[in-house]
1. If the requirement is being surrounded by fewer than 17 Cβ atoms within 10 Å (Cβ to Cβ), of a type outside the set (V, I, T) and part of a helix (DSSP H, G or I), which of these qualifies: L18, L9, L60?
2. Got a number for residues in the range 206-251 being within 14 Å of F127 (Cα to Cα) and among the small types (G, A, S)?
3. Please enumerate the residues belonging to the range 61-78 that are under 25 Å from L188 (Cβ atoms) and modelled with pLDDT under 80.
4. For the range 63-82, enumerate the residues that are surrounded by fewer than 17 Cβ atoms within 10 Å (Cβ to Cβ), in a helix (DSSP H, G or I) and either touching a helix residue (DSSP H, G or I) at 6+ places or on another chain (Cβ under 6 Å) or at positive phi (or both).
5. Take the conditions in contact (Cβ under 8 Å) with a residue 24 or more places away in the chain and of a type in the set (V, I, T) and apply them to V240. Does it pass?
6. Hey, does the range 235-250 have a residue that's in contact with a Ser or Thr (Cβ under 9 Å, 6 or more places away or on another chain), more than 15 Å from L129 (Cβ to Cβ) and modelled with pLDDT of 90 or more?
7. Among V245, V240, V207, V224, which is among the hydrophobic types (A, V, I, L, M, F, W, C) and over 24 Å from L163 (Cβ atoms)?
Amino acid sequence: MILRQIGILVWKDAVTDLRRKEHWLAMFFFAVLTLLLFHFALDAGQDPRYRITPRVVERLGGQGVPRAAELLASVQGRSFASSAAVLDALAGIPPAQLAPEQRVALLALAREDAVQEAAPGLIWVAFVLAGVLGLAKSFAQEREQGSLEGLLLTPVPRGVLYLGKMLGNALFLAVLLALLVPLAGLLLGVDLRGTAGPLALALLAGVIGFSALGTLLGGITAQVAGREVLLPLLLFPLLVPLLLVEVHLTQAILAGEPLAGQWPWLRLLAAFDGIFLVVSYLVFDSVMEG
């Protein structure tokens with residue numbers, strides 16, 4: 001029965017969101033504009049850096065370098081300010097094992113400009129800003145149409161209302177992020193090949209945490225004057241720990257590091273999601289009654 005009620009609420013929000021095409025376009029173009037602004041701001045003549053990531057080592061091995069992981073073990077995970085610094089670090093490897101043309105190929109693979117280095121953070125900043133806009137408009141529409149008051153008058157438990165609204169928002173935000181990430185990869189020059197599974201898992205966990213907290217705070221500010229300003233003021237400080245974890249995980253995945261090596265960060269992410277969900281579920285009744 002409870003699952004059916006949650007499904008109906010999610011379906012209601014999904015149908016409503018599909019009808020609000022101007023809402024989708026506003027959020028999407030706002031996120032794209034944010035990415036473009038950061039791209040041009042960070043790409044203003046800054047010198048490139050060189051970072052030897054697991055993905056760089058893997059791709060170099062795919063180009064015919066035998067035992068690439070073993071040869072580059074001493075420099076893997078390190079960043080260098082110039083190509084000369086990279087070549088100096090490789091000086092101890094005999095030319096017979098790593099030919100000059102292979103060293104040039106390594107430089108090309110490891111080259112990373114400021115935009116690519118900051119890409120994980122830029123993706124999440126653009127998503128959070130657009131997501132807050134979406135949450136504010138979602139509750140504004142509920143209030144204007146009187147559907148929020150109608151939902152509160154139904155005999156459905158407040159916790160079920162919260163879960164339905166939270167999952168509806170999460171679905172909406174997940175679609176936005178699924179559109180934004182490939183576009184960000186194209187605009188920022190980030191290679192997304194081979195990252196679909198781990199990246200989707202990390203992004204989905206971040207969406208759930210963001211939606212869990214944002215839905216609660218959206219409900220709190222829905223009937224308050226100045227809600228457009230109050231919602232981000234309340235939401236952003238509480239989201240900082242979650243965003244720090246998500247940016248780290250996104251950066252690690254894009255660098256080719258295995259997700260199995262990120263268990264401490266994954267446990268921290270699961271803890272944040274669990275706390276946001278449980279606390280929001282428990283206090284939603286009192287919040288909406290107030």
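1. Answer to the selection: L18.
2. Summing the residues that are within 14 Å of F127 (Cα to Cα) and among the small types (G, A, S) in the range 206-251 gives 4.
3. Passing the criteria: G62, Q63, G77, R78.
4. A69
5. Against the criterion (in contact (Cβ under 8 Å) with a residue 24 or more places away in the chain and of a type in the set (V, I, T)), V240 does not qualify.
6. Scanning the range 235-250, I find no residue that is in contact with a Ser or Thr (Cβ under 9 Å, 6 or more places away or on another chain), more than 15 Å from L129 (Cβ to Cβ) and modelled with pLDDT of 90 or more, so the answer is no.
7. Testing whether each residue is among the hydrophobic types (A, V, I, L, M, F, W, C) and over 24 Å from L163 (Cβ atoms) leaves just V240.
Listed here are the residues, each with its yes/no results for (1) at pLDDT 80 or above; (2) more than 28 Å from F30 (Cα to Cα); (3) part of a loop (DSSP other than H, G, I, E, B); (4) assigned by TED's automatic domain parsing to the domain that holds A178.
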site: A96; (1), (2), (3), (4): no, yes, yes, no
site: L106; (1), (2), (3), (4): yes, yes, no, no
site: A126; (1), (2), (3), (4): yes, no, no, yes
site: L135; (1), (2), (3), (4): yes, no, no, yes
site: S138; (1), (2), (3), (4): no, no, no, yes
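The values are calculated or read from the model by the stated rules, or taken from the named source; none is laboratory data. These numbers come from a predicted model, not from an experiment. Here the Cβ is made from the backbone with ideal geometry for all residues, glycine too, and neighbour counts use every protein chain on show.
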